[in-house]
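These notes concern the structure reproduced below.
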Amino acid sequence: KVTGWITKKKNLGIRNTKYDKVVVCHDYVVFKPGWKKGYDTFEDFEICTNIITDIDGERNTDWITWDYPEIGLAFVPYDKHCNDYQYICGIYFVGKRDFLLKLSLKTI
């Protein structure tokens, strides 16, 4: 079994893009109409993600925390701010190319 191929593919894609912002996602992710227009309104960021739902409309690995003092391992409520504890899932995220290159995406 060969491990790490998903991470390797993501790193290759990021290294070879010519754009400042990069969408990293699995091939089964479907974007809703207007997604890009919505992102164009975001403030400056290094890495971010937005709501992710499954085919039934249920939350699916969007804003997650492993050790947030008030809620532990759980979905982060959309009205909470806890960047210091938040985990960004590798299913989908958007990041600045230069920032992602510095990370090397070892854990994605």
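Details
- Count - residues of the range 82-108 that are open to solvent by 50 Å² or more (accessible area, probe 1.4 Å), farther than 15 Å from residue 7 by Cα and not in a helix (DSSP H, G or I): 5
Yes or no, residue by residue, for (1) over 15 Å from residue 95 (Cα atoms); (2) among the hydrophobic types (A, V, I, L, M, F, W, C); (3) in contact with a Ser or Thr (Cβ under 9 Å, 6 or more places away or on another chain); (4) at pLDDT 85 or above:
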site: 27; (1), (2), (3), (4): yes, no, no, yes
site: 31; (1), (2), (3), (4): yes, yes, no, yes
site: 34; (1), (2), (3), (4): yes, no, no, yes
site: 46; (1), (2), (3), (4): no, no, no, yes
site: 55; (1), (2), (3), (4): yes, yes, no, yes
site: 58; (1), (2), (3), (4): yes, no, no, yes
site: 67; (1), (2), (3), (4): yes, no, no, no
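- First in the range 43-67 and in contact (Cβ under 8 Å) with a residue 40 or more places away in the chain and within 13 Å of residue 86 (Cβ to Cβ), second anywhere and surrounded by 11 or more Cβ atoms within 10 Å (Cβ to Cβ) and acidic (Asp, Glu), Cβ under 7 Å, 6 or more apart: 49/62
- Residue check, residue 62 in contact with a Phe, Trp or Tyr (Cβ under 8 Å, 6 or more places away or on another chain) and either of a type outside the set (D, E, K, R) or modelled with pLDDT under 85 (or both): no
- Filter result (assigned to a loop (DSSP other than H, G, I, E, B) and either open to solvent by 50 Å² or more (accessible area, probe 1.4 Å) or more than 14 Å from residue 48 (Cβ to Cβ) (or both)) within the range 58-81: 58, 60, 61, 63, 69, 70, 71, 77, 78, 79, 80, 81
- Of the residues in the range 10-20, at least one is free of Cβ contacts under 8 Å to residues at least 12 places away in the same chain, in a helix (DSSP H, G or I) and open to solvent by 50 Å² or more (accessible area, probe 1.4 Å).
The values are calculated or read from the model by the stated rules, or taken from the named source; none is laboratory data. Treat the numbers as computed from the prediction; the structure is a model and nothing was measured. FYI the Cβ positions are ideal-geometry reconstructions off the backbone, even for glycines, and counts take in every protein chain you see. These accessible areas exclude ligands, DNA and RNA; they are computed on the full protein's heavy atoms, side chains included. Shrake-Rupley method; radii C 1.70, N 1.55, O 1.52, S 1.80 Å.
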